[in-house]
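Values in this text are rule-based calculations from the coordinates and carry no lab data. For clarity, every value in this text was computed on a predicted model and none was experimentally measured. Cβ placement follows ideal geometry from the backbone for every residue including glycine, while neighbour counts extend to all protein chains displayed.
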Amino acid sequence: MNEVTNNAPDARPKSRRNWWKIAFFIALLAFELTREIAVLESAQGAQPNTNAHLFSYGGYVRAQGSWRRIDGGGALVPGTVTIECQRETGRCLEASVMVSEQYVYAPEIDWFDARFAPDAVSYENDRPDCARYSVRLDLKMQKVFAVRDRKENPSNPNCANLERRIEMQLGDGFESSRTALDGHFVPIIGAIAYLAEHL
């Protein structure tokens, strides 16, 4: 009867981990990341897939790319353009395709009388109702430039909404930038993009 039973609780606290809380947090993080990816994918429109280049040999000149503004204005409608000029015909063929949201439009193909110089080929497109385009393929700089000027007295009344002048250069079709993140609440991807840019 003198036996002492030791029924005292263990003095060490048991490690109680709430694994379900960790699993819930990981699942919540995965769900948020999936949501952000879906938001960004649905916000992106179709992107033209072309690289800017200018090739000339003898009397043949070929340029390809997408028009990009160089005057600091807003973005242009995405699209691609191919220009082929031949000195023997004195003309340039311009084929352009426009992209709006997820839609790709039929190509527009036009012939223009061109002026050939040793260092450049140039032509004007006066066919649109609202504007006149002046295009210059600079063979020395290996670049293509264009200026769109609004016509003074256009027949179409909607032309008044057009910017007076736009300066452009033929560049690569696909633009990779942070603009896809602008206007969307994507904190995780935004933080990853910020760290990738600054580290």
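Between 142, 161, 130, the Cα set farthest toward the positive side of the dipole of the range 118-163 (charges on each charged residue's Cβ, about the Cα centre) is that of 142.
Each residue of the range 86-95 was assigned a 3J(HN,Hα) from its phi angle through the Karplus expression (A = 6.51, B = -1.76, C = 1.60, θ = phi - 60°), giving 10, 4, 5, 8, x, 9, 10, 9, 10, 10 Hz with x at Gly and Pro. A simple spin-label model places the labels of residue 31 and residue 110 5.4 nm from each other, with each point 7 Å out along Cα-to-Cβ. Averaging the sequence gap over all C-alpha pairs within less than 8 Å and six or more residues apart, then dividing by the number of residues, gives the range 53-171 a relative contact order of 22 percent. Within a straight-line Cα-Cα reach of under 14 Å, residue 151 can be paired with the following aspartates and glutamates, leaving aside sequence neighbours fewer than 8 residues apart in one chain: 124, 126, 129, 163. The relative contact order of the range 18-89, computed from alpha carbon pairs under 8 Å that lie at least 6 residues apart in sequence, is 24 percent. Distances between every pair of Cα atoms in the range 53-171, grouped in 10 Å steps from 0 to the bin holding the largest one, split as 13, 43, 35, 9, 0 percent. The label point for residue 22 and the one for residue 119, both projected 7 Å from the Cα toward the Cβ, are 6.9 nm apart.
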